[in-house]
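K.L.:
Got a structure for you, questions after.
The values are calculated or read from the model by the stated rules, or taken from the named source; none is laboratory data. Not measured: the values here are computed from a predicted model. Cβ placement follows ideal geometry from the backbone for every residue including glycine, while neighbour counts extend to all protein chains displayed.
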Amino acid sequence: MMEPAIVTENLTRRFGDLVAVNQMNLAVDGGQFFGFLGPNGAGKSTTIKMLTGLLAPSSGRIRILGADLQQNPVEVKRQVGVVPEELALFDRLTGAEFLVFVGRMYGLDRATATQRTAELLDFMQLADRPKTLLTDYSHGMKKKIALAAAVIHGPKILFLDEPFEGVDAIAAGTLKAMLTRMTDRGATIFLTSHVLEIVERLCSHVAIIHRGKLVAQGSLEELRAGVAASAHVGDAAAGEKLTLEQIFLAIVGPGASERRPEEELSWLV
Amino acid sequence: MAGVSRLQGVGGQIGVIAGLRWRVFCNTLRSKGSRFDMVGLVLVGSIFGLFAAGAGLGLGILTYVFARRGDFEILLVPFWLVILFWQFFPVLLSGATTAFEYRQLLRFPLRFPAFFLLTIAYGLFDPSALASLLWLACVTVGLWLARPDLRIVALAVIGAFALMNLLLNRMAFAWLERLLSRRRAREVMVALFLLLMVSFQLFTAVGRRWGRQLMPYLRVAQPALQVLPPHLARKGIDDAARTGGRAAIPPLLWLGVYAVGFGLLLERRLRAQYHGEDLQEFAAAGAAVRPRAAPKVSAQKISAASARAWLPGPLAGLVEKEFRYLLRNTAAGLTLVLPLIIILAISLSWGSARQRPGPISRSPEMMFPGAVAYMFLIVAQYAHNAFAYEGAGIQLLFLAPVRFRDVLLAKNIFTGTLLVIETLLLWPLVSLTIRPPSLLTLAGTFAGVLFAALIHFLVGNWLSLKFPRRFEFGQFKRRASGMTILFGFVLQFALVGMVAAVLLIARGLGRMWLAPLVFAALSVATLQVYWVTLNSYDDLAVRERETLIGQLARPRT
């Protein structure tokens with residue numbers, strides 16, 4: 001049996017007294033479009049930082065494509081692409097210079113890096129600004145160039161932290177199509193987003209983290225079935241196909257929408 | 001709406017903001033790093049305070065002595081000193097920050113007078129303003145003691161002069177802020193200020209060579225100076241001392257006109273800000289690319305624009321990136337030109353026919369190593385905080401399949417190349433302005449640079465990983481961490497002292513061939529230690545990654 005593309009064993013990260021990620025056991029199979037969800041401060045970004053080598057775990061293990069991340073960091077990183085939360089851009093380079101640089105950092109020869117750079121800039125509709133420095137790009141353009149940099153070496157696994165935030169609808173559509181094609185060809189995509197509609201449309205499998213603990217994991221259908229069987233969903237929703245938002249609220253937010261009127265801020269207009 | 005019946009008064013609003021500033025200050029002291037920084041700041045502040053107090057005492061005594069003799073021309077010295085220091089020093093220090101944090105307060109219902117007063121209050125707490133006010137107070141006391149009859153006049157004229165300076169400073173900052181909201185303008189401004197700094201050295205050299213010929217032209221410009229504030233302030237006190245207090249009124253009124261003029265210009269700028277002008281938008285509009293039929297990037301063009309691959313793998317990419325960053329960093333680039341200009345000025349001055357021969361001034365055997373040592377002190381600092389300009393890009397260095405050993409090696413190759421280029425430029429510079437140094441001196445100096453550079457890389461790599469500090473592009477104000485400054489200071493002086501001692505001993509023994517041999521031997525030993533140490537940086541970088549990303553990826557607030 002093939003080992004999953006991403007595996008964590010008892011992954012834990014502490015910041016002083018705060019346990020940001022607590023004993024997480026996660027498994028993502030190869031070729032999955034995997035959505036990683038959680039409320040603000042649940043530990044999503046901390047997890048993705050540990051999975052990509054930006055943050056050391058306090059304890060536990062991470063295996064990527066069968067290799068231990070801490071023992072073989074260079075070999076693992078060669079097969080992984082990342083768009084981190086704070087975009088890892090060298091903002092005094094032009095888009096083309098940056099992509100060639102990233103390509104070379106990932107071991108591409110100059111000719112290949114140059115060829116792929118031209119193709120990516122064209123695909124991302126960034127090719128008409130050859131002399132513009134990244135510092136002068138808009139937020140959406142920065143996201144696009146960060147995504148281009150994450151895929152220039154043809155990674156087998158892609159980690160995306162809020163990749164569509166600030167990207168216009170047309171560009172987002174193009175990017176989603178590109179990502180879906182990547183999974184069709186066998187790449188694994190690990191995505192976090194607050195926009196549940198995007199996750200629902202793109203992802204085949206989802207995990208939900210709450211207060212540092214993994215509280216749900218599986219395919220969307222498995223989660224639907226699990227939640228429908230529980231008592232957290234209202235009668236109205238019980239007979240319909242549950243949306244991801246309903247599943248999410250049922251798992252991490254039971255009671256949040258059940259505030260009595262007298263508990264609300266009465267002085268608000 | 002209960003509790004929000006009316007807006008707070010101006011005093012109340014300023015009080016709330018003062019409380020906020022205090023809270024922010026207390027919260028910044030929570031981390032150990034910030035407390036270290038505060039200790040450093042207190043130490044630097046104390047030194048600056050002592051300097052300001054000493055200068056103030058000197059100016060007070062000077063004023064007293066000359067005022068007793070009835071000579072008030074001397075007042076031009078403190079008045080010019082104050083206006084230059086108050087207006088230029090803060091701009092040099094802040095370089096080109098685009099936003100002052102108090103502007104964020106405009107989202108709240110702040111009254112305009114409160115905003116206006118806050119802007120002025122920020123100007124009063126600037127170190128240069130505090131020092132200038134202290135100096136003016138010392139001059140006033142000197143005048144009071146020397147001529148008690150001039151108390152009121154001195155207070156009025158110097159008070160008006162101080163107010164005019166304060167308003168000029170705030171007005172200049174407010175307008176500069178608008179100008180500097182464009183990145184390119186910021187960089188040009190930094191370049192101009194740096195050139196202004198070195199121009200004083202050049203003026204001195206030019207003055208020594210062609211001073212007599214230039215004097216008649218300078219005399220022609222003298223009457224125009226009489227309408228400038230320092231001359232008006234001097235004239236007010238001087239006239240009152242000669243013919244009575246009323247004679248001070250016209251110069252005083254002119255100082256008032258200056259103050260009102262600057263105040264109105266400041267008010268106009270602040271009104272625009274108060275009514276919602278967003279300089280970020282202004283900057284974005286300036287940076288926005290106009291619609292045009294731009295050529296698309298082709299693979300051939302990218303390839304042609306890139307440097308040739310002369311190093312293996314990612315190392316070449318890293319070195320190339322360092323050079324691209326240098327070319328786009330006006331402040332850092334000019335730092336490299338600075339030593340060349342200053343050494344040119346010194347060489348011109350010392351090499352002039354009127355200069356008497358001294359142990360260093362006419363001897364290239366001393367001048368060349370001295371010039372290289374001076375350049376080294378400036379350029380080698382790059383190695384102490386090697387990740388300063390990476391910003392969020394530091395994450396990529398951790399995400400990419402590259403060893404930190406290679407990252408640091410690339411940075412050392414970059415700094416080493418700069419040192420070689422600068423040394424090679426200094427050689428013809430000294431040769432042309434004085435005389436060519438001997439081959440032995442050349443060999444000794446190059447070997448000394450190699451040894452010193454290797455030691456610097458050895459220590460600098462460790463400092464860069466342990467005590468990183470983010471620097472902003474286009475900003476002249478760059479303060480490394482306290483530990484980096486301390487280590488760098490000790491290292492620089494120990495090395496310069498050691499190299500100088502070897503050179504002097506070899507020269508004293510009349511065996512200059514000893515110096516290159518000693519340095520070559522030391523370099524070989526250091527190179528071995530450097531190479532072994534380089535391999536340990538992978539682990540250190542992994543251990544320090546959170547500090548590095550935390551310090552470098554997020555802009556400082």
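K.L.:
Before we move on, is A:Asn22 in contact (Cβ under 8 Å) with a residue 60 or more places away in the chain and surrounded by fewer than 22 Cβ atoms within 10 Å (Cβ to Cβ)?
P.N.:
When the stated conditions are applied, A:Asn22 passes them.
K.L.:
Quick one: which of B:Leu266, B:Leu270, B:Leu232, B:Leu255 is at pLDDT below 90, away from chain A (no Cβ under 14 Å), buried (at least 17 other Cβ atoms within 10 Å of the Cβ) and on the phi < 0 side of the Ramachandran plot?
P.N.:
B:Leu270
K.L.:
Of the conditions (1) buried (at least 19 other Cβ atoms within 10 Å of the Cβ); (2) touching a Phe, Trp or Tyr at 6+ places or on another chain (Cβ under 8 Å); (3) part of a helix (DSSP H, G or I), B:Leu503 fails just one. Which one is it?
P.N.:
(2)
K.L.:
Among (1) free of Cβ contacts under 8 Å to residues at least 12 places away in the same chain; (2) more than 17 Å from B:Leu454 (Cβ to Cβ), where does B:Ala494 come up short?
P.N.:
All conditions are met except number (2).
K.L.:
Can I ask one more? Could you please let me know if B:Ile343 is part of a helix (DSSP H, G or I), within 14 Å of another protein chain (Cβ to nearest Cβ) and at pLDDT below 85?
P.N.:
Answer is no for this residue.
K.L.:
Is region A:164-174 home to any residue that is touching a residue at least 40 places away in the same chain (Cβ under 8 Å) and buried (at least 20 other Cβ atoms within 10 Å of the Cβ)?
P.N.:
The answer is no; no qualifying residue exists.
K.L.:
Which of the numbered conditions does A:Ala149 fail, given that it passes all the others? Conditions: (1) free of Cβ contacts under 8 Å to residues at least 40 places away in the same chain; (2) closer than 22 Å to A:Glu85 by Cβ; (3) at the interface with chain B (Cβ under 9 Å from one of its Cβ atoms).
P.N.:
(1)
K.L.:
Another question, then. Within the bounds of region B:389-410, is there any residue that is closer than 29 Å to A:Gly53 by Cα, part of a loop (DSSP other than H, G, I, E, B) and more than 14 Å from chain A (Cβ to nearest Cβ)?
P.N.:
Scanning region B:389-410 turns up no residue that is closer than 29 Å to A:Gly53 by Cα, part of a loop (DSSP other than H, G, I, E, B) and more than 14 Å from chain A (Cβ to nearest Cβ).
K.L.:
Being within 14 Å of another protein chain (Cβ to nearest Cβ) and either modelled with pLDDT of 60 or more or surrounded by fewer than 20 Cβ atoms within 10 Å (Cβ to Cβ) (or both) narrows it down to one of B:Arg362, B:Arg292, so name that one.
P.N.:
Only one candidate passes the filter, namely B:Arg292.
K.L.:
Among the strands (runs of 3 or more DSSP E) confined wholly to region A:6-52, which include 2 or more residues that are among the basic types (Lys, Arg)?
P.N.:
Answer list for region A:6-52: A:6-15.
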